[in-house]
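The values are calculated or read from the model by the stated rules, or taken from the named source; none is laboratory data. Being a predicted model, the structure only gives us computed values, none of them experimental. Here Cβ is always computed from backbone atoms with ideal geometry, including for glycine, and neighbour counts include all displayed protein chains. Surface accessibility is based on the protein's heavy atoms, side chains included, excluding ligands, DNA and RNA. Shrake-Rupley method; radii C 1.70, N 1.55, O 1.52, S 1.80 Å.
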Amino acid sequence: MSSPFPRHSLPGFPRRTAAALLAAVLSAVPQPGLAQAAPIGERAALLAEAEQALSAGRPFRASRLLAPLVASPTGRDPATLLLAARAAAGWEGWGSVVRLLAGQSWLDDLSGGEGRALLARARVERSEPAVEDARRAVAVAHGAALSPRLLTLARAFDRAKLLDSAAMSYLEAAKLLPALGDWLRLRAAGVLADSSVRSALYRSVSLPAALPRVRWTEALARERSGDWREAARLYDALGAPLAAIRVRLSAVPSPDERATMRQQILALLTPRLSTQDTRDALALLESAFPALTPDEELLLARRVSGVEPARAALGFARAAHVKPLSEPDELGYASVLTRLGRHQEASALLGRIRGRELHARAQYQRARSLLTSGSRRQAITLLRQVSLQPQGDSATAAVAGFLLGDLLVEQGDDAAARRAYLEVARRFPRSSYGARAALQAALLAWVHDQRALAAVEFSALAERAGETSEGVAALYWSGRAALAAGDSLTAASRWHNLLDRFPNSYYSVPAAARLGVAPVREPPPGLIAAPDSSLTAALDRAALLELLGLRVEARFEYELLTRQAESSAGILLPTARAFVARGLLARAYRLALRVRDATPERLAFPLPPEPALEEARQAGLDPLLVAALIRQESGFDPLARSRADARGLMQVLPSVGAGLAPGTGVLEWEPALLYQPELNAHFGVVQLAQTLRKYPKLPVALAAYNAGERQASQWLALPGAAEDPEIFIERIQFAETRDYVRRVLRNFVVYRALYPPVS
């Protein structure tokens with residue numbers, strides 16, 4: 001991307017393709033002395049390469065190229081700074097834009113005031129005062145540059161609570177951007193106090209995605225104008241009770257009304273509430289009612305323990321200060337203390353739990369806490385006791401026995417580990433841990449050259465576990481055992497059976513390789529109807545909304561298209577294909593998975609954005625490996641966020657991003673930048689390339705990427721793991737990492753089968 005402020009007219013916008021639209025809106029104005037100048041010397045070459053990267057839709061690469069120039073006092077001339085700001089705006093590095101442009105004297109003079117417009121937009125996006133910059137940007141605007149600058153001015157007025165001015169600017173922008181007129185009129189209505197004017201604006205709304213937002217806009221307008229009662233009634237009718245309570249609290253309610261609302265917020269905090277809504281409810285409760293009773297603290301602690309462990313621990317502690325906690329609450333308190341790393345306190349609590357129903361769970365959790373704090377011997381003793389209990393919680397006994405086996409493996413005592421696994425398999429044959437334990441026991445026999453015994457156990461597990469993941473694994477390994485015994489016909493029969501029954505399993509990959517057949521059976525290409533004009537117009541509209549910073553409205557457009565596709569088989573695949581064409585891979589991918597057998601494989605396995613592939617090429621990686629990893633890590637969703645706070649396409653941790661950001665053109669680092677696809681791909685590819693240099697075997701590198709180098713090295717040191725990559729995968733002790741490695745490897749094979757070499 002080049003500039004978020006268009007300098008081209010937009011006639012006939014709804015009929016244009018997204019590619020043409022974005023090319024028009026984003027195209028940059030050539031800068032004198034940059035692209036037109038002959039590339040003489042290193043500086044000229046860097047500027048020309050940065051311009052080229054920007055034109056190719058790689059703004060973060062442009063920023064990286066410009067970083068040494070911007071860091072040099074001699075490279076901070078206006079044209080270079082403006083180019084760097086345009087690049088930073090392309091990947092939404094708004095902090096970098098402010099750092100580059102704030103205080104510059106030439107902002108209104110160069111390129112029709114583009115620098116001033118960029119600075120205003122950056123300050124709006126950062127929720128900083130921006131009215132003066134936005135006014136000056138509008139004052140020097142010409143032609144098509146006026147409409148986006150007017151919209152930035154409207155948003156600046158809106159954030160500054162200059163609501164009448166905001167409404168006027170939104171309506172002026174609506175005249176210049178007729179394709180977005182409904183959305184901009186809704187924005188204007190949301191800041192207007194005059195209900196009759198709002199009603200007239202609502203009557204002009206006709207877009208299918210915008211119509212349902214009318215009542216939400218009216219609720220917001222009532223709230224902003226101080227009509228608390230009606231705003232609360234509207235929020236209640238819209239199914240937004242938390243917003244309704246928040247508004248009623250603004251109306252200075254009576255003590256009795258406040259007490260009622262206090263109980264209403266607590267009642268909303270249920271396991272069914274989303275994570276974000278739980279956090280919003282907690283924030284409202286604490287701001288409005290900072291002093292809770294001990295009973296309320298206990299209730300709050302129970303309800304938020306899965307989302308806000310620190311607040312849950314505080315609630316449990318406050319309640320316990322008044323009266324002893326019940327054993328279930330002590331167990332819950334210990335759980336959040338463990339999550340917070342307060343293992344000594346957690347262990348003391350768990351040691352007090354004696355009730356028959358909870359004792360086993362408490363002892364198991366205590367063992368985990370002891371293990372994390374370094375008391376391995378005590379942990380093993382406790383796990384053995386829990387696993388061998390003749391009565392009580394069988395699920396806890398099974399998981400305790402399985403963990404005991406894992407710890408004995410880590411200690412190098414494979415014989416004792418095998419006995420522990422076999423005991424779990426014997427006592428709990430129908431549980432998932434029983435099947436996993438049986439598989440691990442058979443693998444231990446295999447790696448210690450007890451091949452005949454392993455063959456018997458693999459075959460028995462394959463028959464008993466059936467279509468579970470352990471059953472499929474055992475079927476594959478029973479084939480390997482047969483081959484090792486010299487029975488190639490039985491081995492081939494079992495692998496063919498696996499391919500027929502479980503073609504989408506990871507194990508179809510090594511089975512196909514051993515049989516010498518193709519691992520992927522691509523369905524015959526089907527004809528997918530071209531998207532109709534209404535779909536194309538909606539996608540164009542959403543793209544422009546995103547481009548101009550109206551992401552909420554863009555999301556409503558996309559979500560309507562998704563719902564329509566999900567409800568009609570006839571438009572599902574055309575919509576998915578249209579999403580792919582627009583780079584909306586996460587949405588296309590989710591739609592494609594709804595029609596598994598009938599979906600052309602390339603919709604279920606789309607290529608990630610070109611910048612991600614180019615990052616892989618430049619790092620010397622196979623771009624299809626990066627595609628395989630992105631599919632597993634994020635499902636192509638650039639906004640994905642894990643429980644561990646990994647973010648974006650390649651699930652990069654903020655700590656990793658902070659370490660890699662210096663020297664890449666990021667002048668002001670913030671974790672939210674990891675949601676930018678090109679930046680995220682750069683950091684993720686750098687991390688993956690570093691990991692592959694240390695661990696050249698791909699399964700080991702993938703395990704290290706997911707679980708860390710220390711864990712990967714431990715697993716690699718286990719008997720049989722270094723010599724046989726398939727053994728290494730099976731001996732990964734984290735189920736999440738083991739499944740991750742399997743899936744990425746299968747993705748990689750599928751990508752290689754579906755796409756020609758990407759070079």
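Structural remarks
- Residue match in the range 636-658 (condition: of a type outside the set (Gly, Ala, Ser), in contact (Cβ under 8 Å) with a residue 40 or more places away in the chain, open to solvent by 20 Å² or more (accessible area, probe 1.4 Å) and under 24 Å from Ser55 (Cβ atoms)): yes
- Test result for Leu234, under 29 Å from Gly306 (Cα atoms) and of a type outside the set (Lys, Arg): no
- Residues satisfying the stated conditions in the range 314-332, i.e. assigned to a helix (DSSP H, G or I), of a type in the set (D, E, K, R) and under 20 Å from Arg354 (Cβ atoms): Glu327, Asp329, Glu330
- Selection of helices (runs of 4 or more DSSP H) fully inside the range 54-163 by the criterion of at least 3 residues being surrounded by fewer than 24 Cβ atoms within 10 Å (Cβ to Cβ) returns 59-71, 78-90, 94-101, 131-139, 146-159.
- The number of residues in the range 549-579 that are open to solvent by 50 Å² or more (accessible area, probe 1.4 Å), farther than 29 Å from Arg187 by Cβ and either in a loop (DSSP other than H, G, I, E, B) or of a type in the set (Val, Ile, Thr) (or both) comes to 1.
- The helices (runs of 4 or more DSSP H) found wholly in the range 169-254 and carrying at least 1 residues that are touching a residue at least 60 places away in the same chain (Cβ under 8 Å) occupy 181-191, 213-224.
- Condition check for Ser493: open to solvent by 30 Å² or more (accessible area, probe 1.4 Å), polar (S, T, N, Q), on the phi < 0 side of the Ramachandran plot and in a helix (DSSP H, G or I): yes
- Residue under evaluation Val386, criteria (1) more than 21 Å from Ala735 (Cα to Cα); (2) open to solvent by 10 Å² or more (accessible area, probe 1.4 Å), criterion not met: (2)
- Verdict on Glu723 being open to solvent by 20 Å² or more (accessible area, probe 1.4 Å), out of contact with any helix residue (DSSP H, G or I) (no Cβ under 7 Å at 6 or more places or on another chain) and not in a helix (DSSP H, G or I): yes
- Some residue of the range 94-116 being free of Cβ contacts under 8 Å to residues at least 60 places away in the same chain, touching a Phe, Trp or Tyr at 6+ places or on another chain (Cβ under 9 Å) and basic (Lys, Arg): no
- Residue that is surrounded by the fewest Cβ atoms within 10 Å (Cβ to Cβ), among those in the range 280-289 that are within 16 Å of Ala244 (Cα to Cα) and without any contact (Cβ under 8 Å) to a residue 40 or more places away in the chain: Ser287
- Some residue of the range 451-461 being acidic (Asp, Glu) and over 15 Å from Glu730 (Cβ atoms): no
- Single residue of Glu736, Glu678, Glu730 found to be farther than 28 Å from Glu92 by Cα and open to solvent by less than 20 Å² (accessible area, probe 1.4 Å): Glu730
- Checked against (1) under 35 Å from the mean Cα position of the chain (by Cα); (2) of a type in the set (A, V, I, L, M, F, W, C); (3) open to solvent by less than 70 Å² (accessible area, probe 1.4 Å), Ala513 meets all criteria but (3).
- When Glu668, Glu615 are screened for being open to solvent by 40 Å² or more (accessible area, probe 1.4 Å) and modelled with pLDDT under 95, only Glu668 passes.
- Contacts under 8 angstrom Cβ, first residue in the range 557-569 being within 13 Å of Leu535 (Cβ to Cβ) and touching a residue at least 60 places away in the same chain (Cβ under 8 Å), partner among the small types (Gly, Ala, Ser) and outside any helix (DSSP H, G or I), 6 or more apart: Glu557/Ala209; Leu560/Ala209
- Residues satisfying the stated conditions in the range 61-92, i.e. charged (D, E, K, R) and modelled with pLDDT under 90: Arg76
- Selection within the range 683-717 - more than 21 Å from Ile630 (Cβ to Cβ) and crowded, with 21+ Cβ neighbours inside 10 Å: Trp715
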